[in-house]
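What follows is calculated from the coordinates using simple rules that are stated; it is not laboratory data. Predicted model only: the values in this text are computed from it and were never measured. Note that we place each Cβ from the backbone using ideal geometry, even for glycine, and neighbour counts take in every protein chain shown.
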Amino acid sequence: MSEFNNRTSFATTASRTSTYDSSLRSYMVKVYNHMAMALGISGAVAFTVSNVPALMNLFFGTPLSWVVMLAPLGFVIFFGVKLNSISAQTARTYLWIYASLMGLSLATLFVIYTGASVARVFFITASVFGAMSLYGYTTKKDLTGIGSFLIMGLIGLMIASLVNIFLKSSAMEFALSIIGTLIFIGLTAYDTQRIKQSYYHFAGSHEMVSKMAIMGALNLYMDFINLFIMLLRFMGERRS
């Protein structure tokens, strides 16, 4: 009887673990699908705007350019503040709006760099991002300490970038691009692990899990976009 009970207990535990792992995989797939959709929206908006001179003149030839540059930052702060008080469907809509705003601000990249180099760097970014995200998902190592260090580095990077707007130093821009690349490579792994762990905290609430999947997609989307921009700065080929 004891042996039968042990086998029954083991079978029940194994079944629960299998179900849990399956649910976690579904959650992560949802995160990556939302992220991919956001990237697609940004790419479509950026490509469209960059190929319509009237739109480029409207968004970047007038004071409206400041709105285009600052709107994504303001909106992502708004998104984070409102997350707990909105539904998953509304959060998803906000993600698409944010991706569209980012697409507007990225339109200049299609004008500055050749289409071939943009495509090449995009695939390089996707490869690096994929490898680091897989590492963050599978590693047993706690990346919390590394993540805290990277976030401090990101703050320093932002300050230095603002300073260089006035200094206009090409050498400093190159150095910041390399540092930024390393930071966002690390943040990709850290954020992936953090998104995975968030599932364990909210697995009992379907609505909260759905919202956390969208927030996770937003974090990985920003890691990807920033990594892409950093790589493009020193690997992209400028138009003559």
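Listed residues 110, 75, 122; which is in contact (Cβ under 8 Å) with a residue 12 or more places away in the chain, surrounded by 18 or more Cβ atoms within 10 Å (Cβ to Cβ) and either of a type outside the set (D, E, K, R) or out of contact with any Asp or Glu (no Cβ under 9 Å at 6 or more places or on another chain) (or both)? Write out each step before concluding.
Numbers: 75 fails: surrounded by 18 or more Cβ atoms within 10 Å (Cβ to Cβ); 122 fails: surrounded by 18 or more Cβ atoms within 10 Å (Cβ to Cβ).
Sole residue among the options that is in contact (Cβ under 8 Å) with a residue 12 or more places away in the chain, surrounded by 18 or more Cβ atoms within 10 Å (Cβ to Cβ) and either of a type outside the set (D, E, K, R) or out of contact with any Asp or Glu (no Cβ under 9 Å at 6 or more places or on another chain) (or both): 110.
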Hey, could you check region 201-236 for residues that are without any contact (Cβ under 8 Å) to a residue 40 or more places away in the chain and surrounded by fewer than 18 Cβ atoms within 10 Å (Cβ to Cβ) and say which is nearest to residue 103 (Cα to Cα)?
208
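Name the residue that is surrounded by the most Cβ atoms within 10 Å (Cβ to Cβ), counting only residues in region 49-72 that are among the β-branched types (Val, Ile, Thr) and without any contact (Cβ under 8 Å) to a residue 40 or more places away in the chain.
Initially, region 49-72 is screened for residues among the β-branched types (Val, Ile, Thr), giving 49, 52, 62, 67-68.
Okay, now just the ones that are also without any contact (Cβ under 8 Å) to a residue 40 or more places away in the chain, so 52, 62, 67-68.
Numbers: 52: 13, 62: 11, 67: 14, 68: 20.
Checking each candidate, the answer is 68.
Looking only at residues in region 127-143 that are in a helix (DSSP H, G or I) and without any contact (Cβ under 8 Å) to a residue 60 or more places away in the chain, which one is nearest to the chain's Cα centre (by Cα)? Explain how you work it out, then say what you get.
Step one: filter region 127-143 for residues in a helix (DSSP H, G or I), giving 127-138.
The next check asks that each one be without any contact (Cβ under 8 Å) to a residue 60 or more places away in the chain; those that pass are 127, 130-131, 134-135, 138.
Working: 127: 14, 130: 12, 131: 14, 134: 14, 135: 16, 138: 19 Å.
Among them, the one singled out is 130.
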If we scan region 102-123, do we find a residue that is assigned to a helix (DSSP H, G or I) and closer than 17 Å to residue 219 by Cβ?
yes
